[in-house]
Structures are given as C-alpha cells and as structure tokens.
Amino acid sequence: MLPLDKDGVPYDEGSERASSVEDYKVTCMQFITDICGDYIAWVDYYKLPKDEDKKRRAQIHAIVERTNEWIAKIATTIKGVDIVMNDGIQKMAENTAGYPFQVGVFVNNMSGYALAKPGIIDITVKAIGREGYKVKLGWHQKDKRFLISSTSPVVIDESNISDEDFDLLDLHLKVDARKCQPRDVISFTVVVNETRDGQEHERRGMTTIIHMG
C-alpha cells in the first residue's frame, strides 16, 4: 500500500509533479517523520511489557533518522527517494509488529542498511524458531517470494530455495545486480515463517536496503 500525498494519489504518481528532486526529498522526509506517529500509536495500543515497548519505540525512531539520512544523502532520483521512503515505512511496520522468533538478514555482514558493489551480491538469511517450532523461508505474496524495489533491474536467484521446515534456517541467496551503477539503491523484503507440525504459526518480514557503491 503506497502512502498518499496531500492530493490523495500515491506518492510515486505525485512525484511526477515534484518541481525538483531536492523539493521531493524534503516532502518525503517530512512524511516519514509524520507517519512515525501512527506506528508509535500502535505500540501504545499493544500495551507491551516495558522493555519490549521501549525497544520497539527506539527502533521506530532510529528508522526515521536513518531513512531520512538516506533520502538526503544517498538517493539521487525521484525513484530512488521513493524506494528509500517506502523501505523506511516497511521497516517501521515490521518493527511495530516485533519479532516473536529470531530472524536476521545480512548483506556483507550488515543488517537493515548495507553497502555493496554492482555484481552478484550475497544475502544470508538466518532464523531460529521458539522451542517446539521450526522455520522456513516464506512468500511475500502467493506468487511472489520477495518484495524487491530497485533503481536498476535486479533479480534474486530462487533456484536453491527449499520449502522444508528447519530447526535452524541458514540460507544463502544471490542477487544479480550486474546492471546496477554506483548510487543505485535496492530494497528487498524476505519473509520467514515459524511453523509447528507443518502449519504456519507466525510470519515476519525483514526489509534490507542496499546502497551500490
């Protein structure tokens, strides 16, 4: 779901009317700052234990800061700004929901925000279920395993993915980013399911953004 701008059209359509990339950056940074309040309101609603409440609030505020820094310093086009902004919104939603089981996605040993060179990029997905549960790589949508947005064409190789349930998931994926240029950005979401007796119990997405150096 794309955020709506003040004219009630999705941001990526409204962006065509933006007078400049710099003006659009200011608009999107303000939007990220404003929408953060909606996610904080959800955290209030959940009435979580004190430590978990504090952790989720801190993560949401850190995402606002980091997303706006990437919009300001890394995105160079309106499409790039859109990708960074939507990556931040995705991350806020994920951290508002929290992670009931352990999951991590790493690019060059970096999590959430990564730097890579054009070419074949390695992604490591690690997860472990709670006691009595297993984990497996899930699907973002019924017919789409990953959510990917990029300023240049990229594809994640799905040939070595198993639909098995594992006690410990340690998966190595490859992104073909050979068509990318320095300053391109790639945002992708990996979904991991926690299962019990072959049935999905929980599912969580984890979103990563890569700055091509």
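The values are calculated or read from the model by the stated rules, or taken from the named source; none is laboratory data. Note that the structure is a prediction, hence the values are computed from the model and not measured. Heads up, the Cβs are rebuilt from the backbone with ideal geometry, glycines too, and the neighbour counts pull from every protein chain shown. The protein model used for the area step is the full one, side chains on, heavy atoms only, and it has no ligands, DNA or RNA in it. Shrake-Rupley method; radii C 1.70, N 1.55, O 1.52, S 1.80 Å.
Hand me the trypsin sites (Lys or Arg not before Pro) from the range 27-113 located in a DSSP loop with no more than 11 other Cβ atoms within 10 Å, in residue order please. Kindly include the intermediate steps, with their values, before the conclusion.
On the way: sites: Lys47, Lys50, Lys54, Lys55, Arg56, Arg57, Arg66, Lys73, Lys79, Lys91; in loops: Lys47.
Here the sparse-neighbourhood loop sites are Lys47.
If each DSSP helix of 4+ residues adds -39,500 (n - 2.57) and the sum is divided by the residues in the chain, what number results at 222 nm, nearest 500 deg cm²/dmol? Don't jump to the answer; show the numbers that get you there.
Details: 4 runs with 74 residues, N = 213.
It lands at -12000 deg cm²/dmol.
To the nearest 10 Å², what's Asp176's accessible area with a 1.4 Å probe?
Number for this one is 40 Å².
May I ask for the net charge around Arg145, where only other residues with Cβ less than 13 Å from the Cβ of Arg145 are counted and Lys, Arg are +1 while Asp, Glu are -1? Display every interim value, and only then the final one.
Numbers: positive: Lys136, Lys142, Lys144, Arg203; negative: Asp143, Asp157, Glu158, Asp163.
For residues surrounding Arg145, the net value is 0.
Any chance you could look up the accessible area of Leu171 with a 1.4 Å probe, heavy atoms only, rounded to 10 Å²?
20
When N counts the residues of the range 131-213, how does its alpha-carbon radius of gyration compare numerically with 2.2 N^0.38 Å, as a ratio?
Details: Rg = 14.4 Å, N = 83, 2.2 N^0.38 = 11.8 Å.
Normalised by 2.2 N^0.38 Å, the Cα Rg of the range 131-213 equals 1.22.
With charges set only on the Cβ (+1 for Lys and Arg, -1 for Asp and Glu), what does the dipole of the range 110-213 come to about its Cα centre, in debye to the nearest 20?
On the way: 15 positive and 16 negative charges, 105 e Å.
So the dipole magnitude of the range 110-213 works out to roughly 500 debye.
Scan around Arg183 for amide H atoms under 5 Å from its own, H built in the peptide plane at 1.01 Å from N, and keep only partners 5 or more places away or cross-chain.
Here Met212, Gly213 satisfy the definition.
Semi-axes, largest first, in whole Å: what does sqrt of 5 times each Cα gyration tensor eigenvalue give for the range 11-157? Intermediate values should be presented prior to the final figure.
Details: eigenvalues 149, 101, 36 Å².
Values for the range 11-157, descending: 27, 22, 14 Å.
What percentage of the solvent-accessible surface of the range 84-171, computed with a 1.4 Å probe over protein heavy atoms, is contributed by carbon and sulfur atoms? Spell out each step's value before the answer.
Numbers: 2210 of 4390 Å².
Carbon and sulfur: 50 percent of the exposed surface of the range 84-171.
Just to verify a number: what accessible area does Arg203 come out at with the full protein assembly present, 1.4 Å probe, Å² rounded to tens?
Estimated to the nearest 10 Å², Arg203 gives 100 Å².
Karplus couplings for the range 202-212 from phi (6.51 cos²θ - 1.76 cosθ + 1.60, θ = phi - 60°), rounded to Hz, Gly and Pro as x?
9, 9, 9, x, 9, 9, 10, 10, 10, 9, 7
Along the Cα→Cβ direction, 7 angstrom out, place labels at Trp42 and Ser162. What is the inter-label distance in nm?
Each label point lies 7 Å from its Cα, and together they span 3.3 nm.
Accessible area, 1.4 Å probe, largest first: how do Trp139, Trp42 sort? Mind dumping the intermediate values first?
Numbers: Trp139 95, Trp42 130 Å².
Final ranking, largest accessible area leading: Trp42, Trp139.
For Ser111, Ser159, Ser187, what's the largest-to-smallest order of accessible area, 1.4 Å probe? Intermediate results must be reported in sequence, preceding the final value.
Values: Ser111 70, Ser159 95, Ser187 10 Å².
Per-residue accessible area, sorted high to low, gives Ser159, Ser111, Ser187.
Any idea what angle helix 78-97 forms with the longest principal axis of the chain, computed on alpha-carbon atoms, 0 to 90 degrees, nearest 10?
For 78-97 against the chain, the angle is about 40 degrees.
Please turn the phi angles of the range 61-69 into ³J(HN,Hα) values with the Karplus equation 6.51 cos²θ - 1.76 cosθ + 1.60 (θ = phi - 60°), one per residue in order, whole Hz, x for glycine and proline.
Here the 3J(HN,Hα) series is 5, 5, 5, 4, 4, 5, 4, 5, 5 Hz.
Can you tell me the dipole magnitude for the chain around its Cα centre, using point charges on the Cβ only (Lys, Arg +1; Asp, Glu -1), in Debye to the nearest 20? Intermediate values should be presented prior to the final figure.
Details: 28 positive and 34 negative charges, 83 e Å.
That gives a dipole near 400 debye.
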